[in-house]
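Quick note: the coordinates plus some simple rules give every number you see, no bench work behind them. What you see is a predicted model; the values in this text were computed from it and never measured. Cβ: placed from backbone, ideal geometry, glycine included. Neighbour counts: every protein chain shown.
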Amino acid sequence: MNPIRHILSRAAVLTVQFTAPDACVLTLRRLRRSGGVLAVEGSEEVAPDKLEALKLREPVLVLFSGHGVVSRSLPAPEIVARVTADPETFAWTGDTEEGRFSFARRDQVDPLLERLAGIGVVPVRTEYAAGGDEAQAVAMADRFYARQLRPKYLLRPSTESSRLLTLLCRRLRLPVLGAVLALLVANTLAYDSLKERYAAQRAVIAAREKEQGASRTRSAEREAAAAEFSQRLQWRYAVLMDRIGGLVPDGLVLRELAVQPLKKKIEAGNAVLTEGNTVLIRGAAEASEDISAFAGRLRDEPFVRELRLKGIEQERDSGLWTFEIMIAL
């Protein structure tokens, strides 16, 4: 079940039937989706200057038909190529499932779309068809629910997805506010008992820490970490770093080279934990092939017991490939 389709279960299809290049008849059909089936709840002709008074709060779909709207059966490669090559002159829709390609001139349809935008009506889907009857409107709404009311589509950066997200937030606003209010009321009623339980649990925790001798445990951990950090490696630090530096390709830059790196940041009162007998390498390269070449050279070195490429990704701004390599000595 798709919860987005359940929340936005109502939609409005505005059919624009052109009778002349500058004259049209507007028909508004309100639809409701229940159990996966669309039903028309009402249909009425609307004058263009009366649209604002309707205060449409559901997703609005616009279907253009009539004079100036051309529809052809697919395949029609010459027409499709000529129309799609000039998006400033033509607007179109092509449905491969129905095998139709329909289009109209923008100077005919854009004035109405701009007028709708001026009264706060932003269509979430626009189509062009040879006819604009009720069956065409229901079929258009079916395509809208099947293709656009999905999380993947809503995350796309477009005017239609932004409008759908705005409508979705408006529908969810009242239920969310009610849930928050209920949580606040429940928290207020349970505050005293929760406070007493919290104080009791803190007392138990403090007693256990005292009995277990937390200070002696931390001292033992510090001593073990110091012994691990101070143990001598088979290879000298300077030799390792010099050898690794000599293997770097021309298109690769090292940003970090750490022998026995820290497992986590040093914190006051906590033991210092390090990765024993390991070398951490971080850097960036102009091409991923440089990283592969660098890793291959490292694997051939006698001091490398195991090599793991922990991560590689491309930075969006610079285009460089960053990487992280962990070597077990």
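Just one of the numbered conditions (1) free of Cβ contacts under 8 Å to residues at least 60 places away in the same chain; (2) surrounded by 14 or more Cβ atoms within 10 Å (Cβ to Cβ) is not true of PHE303; which one?
Here PHE303 meets the rest and fails (1).
Output the number of the condition that PRO111 fails; it satisfies all remaining conditions of (1) in a helix (DSSP H, G or I); (2) over 17 Å from ALA23 (Cα atoms).
Checking PRO111 against (1) in a helix (DSSP H, G or I); (2) over 17 Å from ALA23 (Cα atoms), the one that fails is (2).
Which residue, of GLY246, GLY251, GLY296, GLY283, is farther than 30 Å from GLU223 by Cβ and loosely packed, with under 11 Cβ neighbours inside 10 Å? Write out each step before concluding.
Values: GLY251 fails: loosely packed, with under 11 Cβ neighbours inside 10 Å; GLY296 fails: loosely packed, with under 11 Cβ neighbours inside 10 Å; GLY283 fails: loosely packed, with under 11 Cβ neighbours inside 10 Å.
Exactly one of GLY246, GLY251, GLY296, GLY283 is farther than 30 Å from GLU223 by Cβ and loosely packed, with under 11 Cβ neighbours inside 10 Å, namely GLY246.
Among residues belonging to region 73-120 that are aliphatic (A, V, I, L, M) and in contact with a Lys or Arg (Cβ under 6 Å, 6 or more places away or on another chain), point out the one that is surrounded by the fewest Cβ atoms within 10 Å (Cβ to Cβ).
ILE79
Could you please find all residues in region 286-329 being charged (D, E, K, R) and under 28 Å from GLY276 (Cβ atoms)?
Residues satisfying the conditions are ARG297, ARG299, ASP300, GLU301, ARG305, GLU306, ARG308, LYS310, GLU313, GLU324.
Residues in region 121-142 that are crowded, with 17+ Cβ neighbours inside 10 Å and among the charged types (D, E, K, R): how many?
2
Considering only residues that are over 17 Å from LEU51 (Cα atoms) and out of contact with any strand residue (DSSP E or B) (no Cβ under 7 Å at 6 or more places or on another chain), which ones fall in region 9-34?
ALA20, PRO21, ASP22, ARG33, SER34
If you go through region 131-145 one residue at a time, do you hit one that is assigned to a loop (DSSP other than H, G, I, E, B) and within 29 Å of the chain's Cα centre (by Cα)?
no
With (1) touching a residue at least 40 places away in the same chain (Cβ under 8 Å); (2) closer than 26 Å to SER9 by Cα; (3) out of contact with any helix residue (DSSP H, G or I) (no Cβ under 7 Å at 6 or more places or on another chain) as the list, and ALA104 as the residue in question, which single condition is left unmet?
For ALA104, the failing item is (2).
Among the numbered conditions (1) exposed (fewer than 15 other Cβ atoms within 10 Å of the Cβ); (2) without any contact (Cβ under 8 Å) to a residue 60 or more places away in the chain, tell me where SER43 comes up short.
Going through the list (1) exposed (fewer than 15 other Cβ atoms within 10 Å of the Cβ); (2) without any contact (Cβ under 8 Å) to a residue 60 or more places away in the chain, SER43 breaks only (2).
For GLU160, which of the numbered conditions (1) over 12 Å from GLU98 (Cβ atoms); (2) in contact (Cβ under 8 Å) with a residue 60 or more places away in the chain; (3) part of a helix (DSSP H, G or I) fails to hold?
(2)
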